[in-house]
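Okay, so here's the structure we're looking at.
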Amino acid sequence: MPPSASTNLGYTPPDGGWGWAVVFGSFISIGFSYAFPKSLTIYFKEIQEYFSISYSEIAWVSSIMLATMYAGGPVSSVLVNRYGSRPVVIAGGLMVGVAMVMASFGTTILHLYLCVGVIGGFGLAFNLQPSLTIIGKYFLVKRPIANGLAMAGSPVFLSTLAPLNQFLFDHFGWRGSFLILGGVVLNCCVAGSLMRPIKIKTKPPVSKTTDENDTAKPDVTSQTAGQDKSKQSGCAAKVSQFIDISLFKHRGYLIYLVGNVLLFFGFFAPVVFLAPYAKHQGIDEYSAAFLLSIFALVDMFARPGTGLVANTKWIRPKIQYFFSFSVTYNGLCHLICPLLPGYSGLVVYAVIFGLAFGMVCALLFEVLMDLVGAQRFSSAVGLATIIECGPVLLGPPISGLLVDIFMDYKYMYYACGMMMLAGGVFLFIMNFYNYRLLEKEEKEKQVEDRLEIGSAKELAANEEDKDNEEKIRLNTEEEVGKSICEEP
């Protein structure tokens with residue numbers, strides 16, 4: 001495995017200490033961000049009956065919430081750069097809490113779209129992005145471990161919130177449950193308070209000899225920066241100050257985006273409709289909610305396990321193929337779901353789906369960094385989330401529309417399976433094509449480097465010959481001058 005890319009933080013991260021408290025805060029914040037929209041599906045059937053709406057209409061609640069969380073990522077990044085992680089996460093926790101309290105008094109489904117979907121979605125965006133950012137400020141050497149522990153919050157919270165929501169609904173109804181959940185998510189404010197700004201410990205100064213040897217480097221950098229600035233003008237220059245739009249010229253990144261758009265059309269709907277599907281088959285509420293807990297438990301162990309496999313010397317050089325396999329495996333899981341009979345079949349599906357879902361989540365950002373590198377990663381994530389919010393928004397409602405039309409969930413699972421299977425096959429083919437081109441470009445670069453080295457050596461030899469000829473000419477002239485002076 002290649003060494004980790006160097007960072008230009010300007011200080012040495014502590015790699016521990018208060019950083020572990022920050023990891024715990026990120027664990028809570030990320031757990032709520034990813035698990036909260038999925039766990040709300042417990043209330044969908046009852047809310048649907050209360051407002052007398054269709055399956056597709058109720059699916060818009062979680063879709064708007066997830067899409068807003070994705071679309072709000074760049075806004076959250078700008079706020080973090082301006083104010084830091086702590087105030088943004090606290091503000092996000094307050095927004096989600098207020099949104100759930102307001103939703104408990106809702107009288108129409110549009111009220112839930114606005115409160116839970118839009119306001120709650122932006123609140124979750126303000127929780128997710130800062131939590132991922134601040135870990136990179138506290139950790140460098142141990143950053144993979146810290147990120148792994150923080151990301152485990154998603155399946156842990158999902159396995160906890162699913163039965164908790166069922167318990168709250170049985171005792172307080174969906175309105176009372178939303179009111180209580182509004183207080184529960186205020187724990188994000190506590191998590192945000194743990195994310196105090198890091199006390200920078202500057203790196204020790206380098207020796208004078210190093211400074212003397214490197215005196216020319218700042219000049220070169222400043223000249224290059226000046227050239228880049230002179231090339232950029234107008235709107236493009238302003239946009240480039242916030243995000244690197246040149247990524248749209250990156251071949252591997254475009255392949256990644258197209259594959260992700262396909263897979264996200266069928267990625268979240270099977271999770272959203274898992275509990276309603278079980279209830280539709282006559283399974284009781286607690287058993288239906290328990291399916292989400294099984295799914296989350298398997299997901300919890302699948303993510304770190306996938307990371308360990310991806311780090312092996314056999315997988316790491318071609319990790320894009322591993323990601324393509326995980327997407328294809330997801331699609332196959334959804335295609336066989338309607339073929340599994342009874343509650344035992346749904347348990348089997350929850351297990352294999354949890355494994356498939358965990359594999360994709362573990363690799364989703366790792367393969368992106370493998371493509372664009374650490375320096376352009378933040379811009380790549382921001383642009384990707386903006387584009388992905390479209391299929392995230394439309395996927396569950398379209399799936400719900402299929403349920404409304406056919407009055408059966410199996411066609412929804414078939415459609416999601418085909419979309420993810422198409423995304424996996426596309427990624428397999430295009431990544432094979434991309435790897436071949438990269439190998440070809442690498443060989444051409446090596447040939448060019450050898451030619452440049454050869455021409456440089458030849459030029460140096462010619463210069464040396466010229467210097468020798470000049471020395472010989474000067475010596476000859478000097479000897480001729482001496483001989484003339486010695487003559488009587």
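Couplings 3J(HN,Hα) for the range 439-452, derived from phi with the Karplus relation 6.51 cos²θ - 1.76 cosθ + 1.60 (θ = phi - 60°), are 5, 5, 5, 5, 5, 4, 5, 5, 5, 5, 5, 5, 5, 5 Hz, where x marks Gly and Pro. Rolling a 1.4 Å probe over the protein heavy atoms gives the range 241-389 an accessible area of 39 Å² per residue. Please report the carbon-and-sulfur percent of the accessible area for the range 154-195; probe 1.4 Å, protein heavy atoms only, DNA, RNA and ligands left out. The nonpolar share, carbon plus sulfur, comes to 76 percent. Sequentially through the range 311-324, phi angles give Karplus couplings (6.51, -1.76, 1.60; θ = phi - 60°) of 7, 6, 5, 7, 9, 4, x, 10, 5, 5, 5, 5, 5, 4 Hz, Gly and Pro residues having no value and appearing as x.
Applying 1/(1 + (r/R0)^6) with R0 = 22 Å to the Cβ-Cβ distance of Arg196 and Met369 gives a FRET efficiency near 0.25.
Each residue of the range 35-47 was assigned a 3J(HN,Hα) from its phi angle through the Karplus curve 6.51 cos²θ - 1.76 cosθ + 1.60 (θ = phi - 60°); the sequence is 8, 4, x, 6, 5, 5, 5, 4, 8, 4, 4, 6, 5 Hz, with glycine and proline shown as x. Remark: the Glu46-His280 segment gains 83.0 nm on full extension, using 0.36 nm per residue and subtracting the alpha carbon distance.
Return the carbon/sulfur percentage of the accessible area of the range 355-457, one whole number, probe 1.4 Å, all protein chains in place. Ligands and nucleic acids excluded, carbon and sulfur reach 67 percent. The charge dipole of the range 55-197, taken about the Cα centre with unit charges on the Cβ atoms of Lys, Arg (+1) and Asp, Glu (-1), comes to about 640 debye, rounded to the nearest 20. Residue order by solvent-accessible surface for Ser246, Ser29 is Ser246, Ser29, largest first, with ligands and nucleic acids left out and a 1.4 Å probe. Once both labels are positioned 7 Å from their Cα atoms along Cα-to-Cβ, the gap between Phe105 and Asp467 label points is 8.6 nm. Could you calculate the FRET efficiency of Lys445 with His171 from 1/(1 + (r/R0)^6), where r is the beta carbon distance between them and R0 is 51 Å, rounded to 0.05? Here the calculated transfer efficiency is 0.15.
Looking at the range 92-140, the accessible area is 32 square angstrom per residue; that uses a 1.4 Å probe and ignores ligands, DNA and RNA.
The modelled label-to-label distance between Phe325 and Asn81, using points 7 Å beyond Cα along the C-beta direction, is 3.8 nm. With R₀ set to 22 Å, the beta-carbon distance separating Arg316 from Leu339 gives a calculated FRET efficiency near 0.05.
Extension gain for the segment Ile387 to Phe24, taken as residue separation times 0.36 nm less the Cα-Cα distance, is 127.7 nm to one decimal.
The values are calculated or read from the model by the stated rules, or taken from the named source; none is laboratory data. Being a predicted model, the structure only gives us computed values, none of them experimental. Positions of Cβ are backbone-derived with ideal geometry, glycine not excepted, and every protein chain shown enters the neighbour counts. Heavy atoms of the whole protein, side chains included, go into the accessibility calculation; ligands, DNA and RNA do not. Shrake-Rupley method; radii C 1.70, N 1.55, O 1.52, S 1.80 Å.
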